[in-house]
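Presented below is the structure to which this report refers.
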Amino acid sequence: MHITKHAFKRIKQRVGLPKRAHLRHVQRVIQKGSLFSHDAYREFQMLYMGFLYIFKLTPELKPILITTMQATSNDMLKQVGR
C-alpha cells in the first residue's frame, strides 16, 4: 500500500490523525469501508466514517491513496440508496 504526499497532508488536515497512524487508518478504510464507486481506469472510492477516500490501483493491483475529503450529505444518500 502506498499513500501520496498529498494524501498524507489531507489525512492530517481533514481527518486529524498523526503521521504514524496514517497507514493503519488507510488499511482500516480498505477493510471496513464501503465501496462508493469505481471506474474502468483502475480508480475507486471508499466511504468510511464520513470521509471519502479516493484510490488508484497500480499495474500490480496495489492501492494508492490519492486524497481524502469530507463526504457530503449527497454522497451519504447515494450510498444508502444503493
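One residue is enough: does region 4-21 have a residue meeting the conditions modelled with pLDDT of 95 or more, among the polar types (S, T, N, Q) and surrounded by 13 or more Cβ atoms within 10 Å (Cβ to Cβ)?
Checked against the condition, which is being modelled with pLDDT of 95 or more, among the polar types (S, T, N, Q) and surrounded by 13 or more Cβ atoms within 10 Å (Cβ to Cβ), region 4-21 yields at least one hit.
Name every residue in region 59-82 that is at pLDDT 90 or above and either of a type in the set (Ser, Thr, Tyr) or touching an Asp or Glu at 6+ places or on another chain (Cβ under 9 Å) (or both), in order of residue number.
66, 67, 68 - these are the residues of region 59-82 that are at pLDDT 90 or above and either of a type in the set (Ser, Thr, Tyr) or touching an Asp or Glu at 6+ places or on another chain (Cβ under 9 Å) (or both).
Among all residue pairs at least 6 apart or on different chains, which show Cβ distances below 6 Å where the first residue, located in region 37-53, is under 16 Å from residue 7 (Cα atoms) and without any contact (Cβ under 8 Å) to a residue 12 or more places away in the chain and the second is surrounded by 17 or more Cβ atoms within 10 Å (Cβ to Cβ) and of a type outside the set (Val, Ile, Thr)?
Sorted first by the residue in region 37-53, then by its partner, the pairs are 45/36; 45/52.
The values are calculated or read from the model by the stated rules, or taken from the named source; none is laboratory data. All of these numbers come straight from a predicted model, not from anything done at the bench. In this analysis, Cβ positions are derived from the backbone assuming ideal geometry, glycine residues included, and neighbour counts consider all displayed protein chains.
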